[in-house]
Amino acid sequence: MLLAPLAVAAAVGYITLTRICFFLGKDEQLVVDRLTDTEVVNGPGIQLVSPLVKSVSKRKGELLEPLDYVRIKDSLTGSVSVESGPKLHFLRPFDRVLKRGQGHSLSPVEYTIVKDKQTGEKRIERGPKMFLPSAYDEFGDKETALSLESNQYCRLRDTATGKRWTVRGPALLFPEPTWEVQGGVLTAISLKRTEYVRLIDETTGAIRVERGEQMVFPEATESILPEDGAKLTAINLKVFQYVKLIDNASGVIRVVRGEATVFLGPTESVIGKGKTDAVEIDAETAVRVRSKRTGELTLVSAESNEGIVRDEGSAKAGAAAMRPGLFFPKPEESIEEVQKLIKLADYECMIIVNQSGELAFYYGDDAKRGAKPRAFFIPPHHQSYALTWSRGRRRERRDLKVERIDTRPQFMSFEFNTRTSDNVELVLEGTFFWQVVDVERMVKMTGDTTGDICNHARSKFIQLVSKVTLKEFMDSFNSLAQTASQEDDAFYASRGVQIHTLEVTAYRCQDASTARILGQIIEETTNRMNRLSQQESENEVKMFAMAGEIEQETRRAELLKVVQAHKLMEAKNEGEAEAERVKSFLDSTKESVPDLDSRVGLWKTLRKQDALEAVSSGPAKLFFTPNDVDLTIETKDQRNDDASFDRGSF
């Protein structure tokens with residue numbers, strides 16, 4: 001029974017002890033909220049607290065490292081303070097932590113923008129330093145300063161005052177809080193000797209020109225002229241070149257000739273395509289020039305001196321009026337056309353029309369041109385009169401421009417349809433061999449010479465072919481063509497042309513079935529002609545072979561006659577020689593052998609001996625008859641000494 005009260009007393013004592021006795025570490029503090037006040041007790045230590053308090057709590061102190069800070073507000077007075085490390089900070093009784101954060105470690109090229117919330121002012125904090133804010137400071141991330149090299153710059157604008165200026169390198173730029181960097185880091189314009197740049201001031205509109213060699217830094221309100229877009233290269237003119245420039249402010253035009261290097265002025269621009277080669281004026285080149293001031297049109301040639309620049313050394317060589325040179329137009333002049341000397345051949349004709357519409361005919365033939373020149377330039381307010389002729393095999397397009405009329409005979413092809421009396425539609429192809437003989441009459445009578453010729457010939461062909469059948473046409477189409485060209489000589493003569501020949505070179509049927517039949521007829525005719533030609537060739541070959549055999553046999557007969565005559569002559573010569581030898585032998589042996597028969601027998605014996613010698617000297621075999629030889633054959637037996645003889649005659 002005594003244990004229960006003791007346990008209760010122990011529990012009450014423990015609870016009471018824990019409410020009034022607190023053990024504090026080095027980083028702890030005790031917050032005691034008394035009945036009328038609040039106080040804090042920092043550790044380390046043991047603190048006894050009266051039970052008559054509202055509340056008691058322990059809390060950790062604020063451990064701040066070197067870059068740490070804490071913003072604290074006194075809730076009793078409303079004041080704000082900042083505590084920075086490194087340290088262990090114990091809050092006061094009425095302190096409340098508003099923000100815990102870290103400051104910035106700024107290098108020499110870093111900065112941060114700081115705003116004072118009490119005054120609203122902004123400032124920058126540059127490195128190298130450790131930045132920790134004050135009680136009312138508000139700051140952002142750290143930023144890197146702009147490093148400008150010697151060829152770089154920045155355009156700045158103060159948003160507070162509106163002022164604009166530039167900062168050139170080399171420099172390290174820390175923009176102030178109210179500064180605005182426009183366009184970032186820009187590169188200055190580097191100009192070579194032949195380069196330049198035109199800059200316009202946006203506020204005043206003034207334009208300045210900067211030439212090389214230099215480094216150009218535009219001002220804050222300056223920019224490159226919009227029509228230029230970038231730096232420009234000066235116009236390099238050679239001795240034979242020029243350029244036209246106009247001052248857009250005054251409207252004055254000037255011409256700059258080479259050799260020169262041209263830099264445009266502030267308000268100048270190039271007229272036309274820029275630099276242009278001067279026109280080389282000589283005996284075969286002239287230029288037609290129009291004055292924009294008066295509208296006058298003139299022709300400048302080697303015979304005139306106006307506007308022509310000539311070499312001074314050549315001025316002493318001959319007459320100035322005929323020397324070649326370079327033509328540079330004046331500021332108010334424009335080149336309308338560069339003309340080459342028109343030189344007409346003997347067979348050529350050219351028509352020139354003047355401002356009144358009158359035509360003049362120029363010929364290359366001495367007999368026709370009269371007082372007009374053979375080589376000439378087209379005068380001002382004159383132009384070449386071009387004829388428009390039809391072209392194509394059917395003359396379906398009239399777009400052939402002819403300025404030089406060729407009066408030589410020439411070929412012209414044609415193609416048109418016609419129909420025979422047996423209602424077969426044919427497509428005829430052929431050629432005209434024609435010639436222009438009177439240009440003035442031709443121009444007066446027609447504007448389409450080739451079209452008139454072909455259309456008239458087609459009309460005549462239609463009339464003639466319509467009167468014959470297909471077979472008659474096939475047999476006589478060339479004579480029809482000749483009739484068509486010769487019957488209407490007056491028509492061609494009235495147009496100043498002459499038709500020498502008109503030939504049909506091909507024809508075909510327009511209808512496919514008729515064309516196939518005609519093709520078969522032509523094919524059969526062609527095959528028949530081929531067979532006849534082949535048979536004639538074979539006959540010619542046989543006749544030639546027969547003639548060769550006859551000639552061969554004739555030659556062989558003549559050869560046999562000659563061979564026979566030679567053999568007879570040879571036999572006669574041999575007989576005479578043999579008779580002479582016999583006679584000589586008989587005469588020489590007459591004294592020793594008086595008997596003629598004996599001498600003859602002796603001669604025969606000698607002839608036999610000569611025959612035997614002739615036979616024995618060669619591969620021939622000699623056979624004797626029994627009458628000529630008395631032969632005995634003896635056979636011996638070796639087994640005994642007896643011998644048997646068999647005698648016979650052969």
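Some points to look at:
- In the range 415-438, the residues that are surrounded by fewer than 17 Cβ atoms within 10 Å (Cβ to Cβ), in contact with a Lys or Arg (Cβ under 8 Å, 6 or more places away or on another chain) and among the aliphatic types (A, V, I, L, M): Val427
Each row is one residue, and each column tells you yes or no for (1) part of a strand (DSSP E or B); (2) touching a residue at least 12 places away in the same chain (Cβ under 8 Å); (3) assigned by TED's automatic domain parsing to the domain that holds Phe411; (4) of a type in the set (D, E, K, R).
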| position | (1), (2), (3), (4) |
| --- | --- |
| Gln482 | no, yes, yes, no |
| His500 | yes, yes, yes, no |
| Asn527 | no, no, no, no |
| Ser533 | no, no, no, no |
| Met546 | no, no, no, no |
| Lys561 | no, no, no, yes |
| Ala579 | no, no, no, no |
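- The residues of the range 456-471 that are in contact (Cβ under 8 Å) with a residue 12 or more places away in the chain and in a helix (DSSP H, G or I), listed by number, are His456, Ala457, Arg458, Lys460, Phe461, Ile462, Leu464, Val465, Leu470.
- Taking the range 336-374 as the range and being among the hydrophobic types (A, V, I, L, M, F, W, C), outside any helix (DSSP H, G or I) and at pLDDT below 90 as the test, only Ala371 passes.
- Residue match in the range 216-225 (condition: in contact with a Leu (Cβ under 6 Å, 6 or more places away or on another chain) and either closer than 27 Å to Gly120 by Cβ or surrounded by fewer than 13 Cβ atoms within 10 Å (Cβ to Cβ) (or both)): no
- Tallying residues that are part of a strand (DSSP E or B) and of a type outside the set (A, V, I, L, M, F, W, C) within the range 35-73 yields 15.
- Against the test of being part of a strand (DSSP E or B) and touching a helix residue (DSSP H, G or I) at 6+ places or on another chain (Cβ under 9 Å), the options Ile405, Ile453 yield a single qualifying residue, Ile405.
Residue-wise test of (1) surrounded by fewer than 17 Cβ atoms within 10 Å (Cβ to Cβ); (2) β-branched (Val, Ile, Thr); (3) closer than 30 Å to Tyr69 by Cβ.
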position: Pro128; (1), (2), (3): yes, no, yes
position: Leu132; (1), (2), (3): no, no, yes
position: Phe139; (1), (2), (3): no, no, yes
position: Thr144; (1), (2), (3): yes, yes, yes
position: Leu148; (1), (2), (3): no, no, no
position: Thr161; (1), (2), (3): yes, yes, no
position: Ala171; (1), (2), (3): yes, no, no
position: Gly184; (1), (2), (3): yes, no, no
position: Lys192; (1), (2), (3): yes, no, no
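- Yes/no for Ala367 being free of Cβ contacts under 8 Å to residues at least 12 places away in the same chain and not assigned by TED's automatic domain parsing to the domain that holds Ala506: yes
- Test set (1) more than 43 Å from the chain's Cα centre (by Cα); (2) surrounded by 15 or more Cβ atoms within 10 Å (Cβ to Cβ); (3) without any contact (Cβ under 8 Å) to a residue 60 or more places away in the chain; (4) in a loop (DSSP other than H, G, I, E, B) - Thr166 fails condition number: (4)
Yes/no matrix, rows are residues, columns are (1) closer than 25 Å to Thr144 by Cα; (2) part of a strand (DSSP E or B); (3) within 41 Å of the chain's Cα centre (by Cα):
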position	(1), (2), (3)
Leu172	yes, yes, no
Glu180	yes, yes, no
Leu186	yes, yes, yes
Tyr196	no, yes, yes
Leu199	no, yes, yes
Thr203	no, no, no
Arg208	no, yes, no
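- Across the range 68-125, the qualifying residues are those that are of a type in the set (Gly, Ala, Ser) and within 22 Å of Phe174 (Cβ to Cβ), and the one among them that is surrounded by the fewest Cβ atoms within 10 Å (Cβ to Cβ) is Gly120.
- Scanning the range 33-45 for residues that are of a type outside the set (S, T, N, Q) and more than 20 Å from Leu88 (Cα to Cα) yields a total of 4.
- Selection within the range 96-128 - assigned to a loop (DSSP other than H, G, I, E, B) and either under 30 Å from Gly61 (Cβ atoms) or polar (S, T, N, Q) (or both): Gly103, Ser107, Lys117, Gln118, Thr119
- Filter pass, Asn478 being in a helix (DSSP H, G or I), touching a residue at least 24 places away in the same chain (Cβ under 8 Å) and loosely packed, with under 14 Cβ neighbours inside 10 Å: yes
- When the residues of the range 27-68 are filtered to those that are farther than 30 Å from Phe131 by Cβ and of a type in the set (Lys, Arg), the one that is nearest to the chain's Cα centre (by Cα) is Lys58.
The values are calculated or read from the model by the stated rules, or taken from the named source; none is laboratory data. Keep in mind it's a predicted model, so treat the numbers as computed, not measured. For neighbour counting, all protein chains shown are included, and Cβ atoms are generated from backbone atoms with ideal geometry for every residue, glycine included.
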